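Novice: Provided herewith is a single structure, encoded as structure tokens, for subsequent inquiry.
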Amino acid sequence: MPPTTRSLSFPRVIVEKDTDSEHSSSEEEEEEDDEEPLDDEDEDENGKSFENEGQRIEEESSKKGKAPITLSLKKVCKVCKRTGHEAGFKGATYIDCPMKPCFLCKMPGHTTMTCPHRVATEFGVIPASHKNTRNALLYVFERQFKPHIPPIKPAYVIPDQVNCAVIRYHSRRVTCLEFHPTNNRLLLSGDKKGQVGVWDYDKVHEKVVYGNIHSCIVNNMRFSPTNDGMIYAASSDGTISCTDMETGFSSPLMNLNPDGWQGPNSWRMLYGMDINPEKHTVFVADNFGFLYLVDTRSNNRSGQAVLIHKKGSKVVGLHCNPLQPDLLLSCGNDHFARIWDIRRLVVGSSLYDLAHRRVVNSAYFSPISGCKILTTSQDNRIRVWDSIFGNLDSPSREIVHSHDFNRHLTPFRAEWDPKDPSESLAVVGRYISENYNGIALHPIDFIDVSSGQLVAEVMDPNITTISPVNKLHPRDDVLASGSSRSLFIWRPKDDHELVEQKDERKIVICTGTEKKRKHKSKNDESEDDSDVDKPTPTAKGKNLKSRKPITEIRKTSQKMKR
């Protein structure tokens, strides 16, 4: 019997080239192009067209009983999935898909780079104006709270220079930041892996990372109102923890998944969280639309879960009013921000529902009077309501801002400046990059929400990743930002300093923490399947070389290591 041998003939490969005739991505024009005869330019050297060559190879392959493998070199749009064009970033320039409206303002008729809202953030925004009203509640506000707000806005102090930083501080991307209530130099940070970091940025090198508190994403952190050494944290593993910052000892207060992983339909994740000091209660919400209450005195769950948003939708944000402890503001994936009276928390009992066109990333009361509301939505809009006692059917202002991206990023959240007595300054990171001296950078924007004007955009040539997490210090002129796995502290520039002193920045590069690619955990979100903030060629810390300020930064870090 002759030995059997394996056939060494492989299927033929057909390479489809993108021709000049494929200038449109619409299906109708593609069909018309197929019906038209080929031009002389589309023929090869032997006088045979690519179409005839493809038919000949297909006939030969069909005779042999094997289907050909087709490799297409046509341009494919990542937005509409059609051929003939491309969309997305090329350097610092965003190329729009011709099948979609402007990526920034979501309106047709122009491109993202020529969008009038990109040229001037105050475009189309009606500034806030004083209105006389006979509303009794607003009258009380004018008499009691308005005297504490100065009629003339003070000059804004913008922290616009990196003073110190820790590069690759966390093993995964930063998800939340919180300043210590009494220690002005202490910053807490949480990451996607569940780690909680404690960093004294005055001494830079003094930093601690606790990795045994949560098993996955830390979504929110709040300090205990009675003990500033204890911190509460809510995580996507379905637990609330109370952690001693000095020892790292943590105790779970509530676990919504006591039986472990039972599938995505039953796994509960905790997102929005806030503490009401007068009610001694921790409010926390999950990914199914329910609100839970935990008593801070007994550290035990109290009452029953209340459905406050659409069933099955995430409640990503909670905020208690700073002056009216009975008011609670929530926001979620059901396109609503809702105001609640915690004295009667039942299904459908919200005081008011603030409608949005897309997912609401955050919603906050103003820090001093508690009268205003600031929300951030995925439709690239920052919305402001000037008074919770007035008409809430529509926002007072809508400010177009680029933050429509959160698949591999921590969601962007516009936050108030707690030190601004006029309650008009907000800080938020930007998604669309800008070209600064040939480098694509993603600035951090300071916006006057009363007029929509861009007050300042701060950036550093060494930070080429996106900074979606930003927190302003409640007492000092300091901004903390989380960009990928790194933490940065910004301070205002002093014009009277010497040039040499301006460039002396303390930056520590953590080389011991290496990122290891692992299989996705069962507890991780479907949206958080990667910790890469943006696929740029300068990611993973490679941007920290070959630029002039870096030599001075490295010298400073070497001195500290010695």
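Novice: To the nearest 10 square angstrom, what accessible area does Tyr232 show with a 1.4 Å probe?
Specialist: We get 10 Å² for Tyr232.
Novice: For segment 436-492 and segment 284-325, what is the separation of their Cα centres, given in Å?
Specialist: What the calculation gives is 31 Å, centre to centre.
Novice: Take peptides 458-471, 179-192, 355-368 and line them up by average Cβ neighbours within 10 Å, highest first, as a rough protection proxy.
Specialist: Highest to lowest by the protection proxy: 458-471, 355-368, 179-192.
Novice: Given a Förster distance of 35 Å, report the FRET efficiency between Ala92 and Asp494 from their Cβ-Cβ distance, rounded to the nearest 0.05.
Specialist: Once rounded, the FRET efficiency stands at 0.70.
Novice: What is the gain in length, in nm to one decimal, between Arg475 and Cys80 on full extension, counting 0.36 nm per residue of separation less the C-alpha to C-alpha distance?
Specialist: 137.5 nm
Novice: Longer than 22 Å from Cα to Cα, which of Lys471/Lys493; Lys419/Lys471; Lys419/Lys493; Lys153/Lys506 are they? Say none if no pair is.
Specialist: In this structure, Lys153/Lys506 exceed 22 Å between Cα atoms.
Novice: Now, a different point. For Arg357 and Val455, calculate 0.36 nm times their separation in residues minus their Cα-Cα distance, and state this gained length in nm to one decimal.
Specialist: Value of the extension gain: 32.6 nm.
Novice: Sort 104-116, 214-226 by the packing proxy (mean of other Cβ within 10 Å over each peptide's residues), most packed first.
Specialist: Ranking the peptides 104-116, 214-226 by packing returns 214-226, 104-116.
Novice: Within segment 362-466, list the trypsin sites (Lys or Arg not before Pro) lying in a DSSP loop whose Cβ has at most 11 other Cβ atoms in a 10 Å radius.
Specialist: Passing sites in segment 362-466 are Arg407.
Novice: Quick check on packing: order 283-291, 485-493 by the mean number of other C-beta atoms within 10 Å, highest mean leading.
Specialist: Taking the mean over residues of other Cβ atoms within 10 Å, the ranking is 283-291, 485-493.
Novice: Expressed in nm to one decimal, what extension gain is obtained for the pair Glu206 and Lys311 from 0.36 nm per residue of sequence separation less their Cα-Cα distance?
Specialist: Between Glu206 and Lys311, full extension yields 33.4 nm more.
The values are calculated or read from the model by the stated rules, or taken from the named source; none is laboratory data. Note that this is a predicted model, so its numbers are computed, not measured. Ideal geometry is used to build each Cβ from the backbone, glycine not excepted, and the neighbour counts take in all protein chains shown. Calculation scope for accessible area: heavy atoms of the full protein, side chains included, ligands and nucleic acids excluded. Shrake-Rupley method; radii C 1.70, N 1.55, O 1.52, S 1.80 Å.
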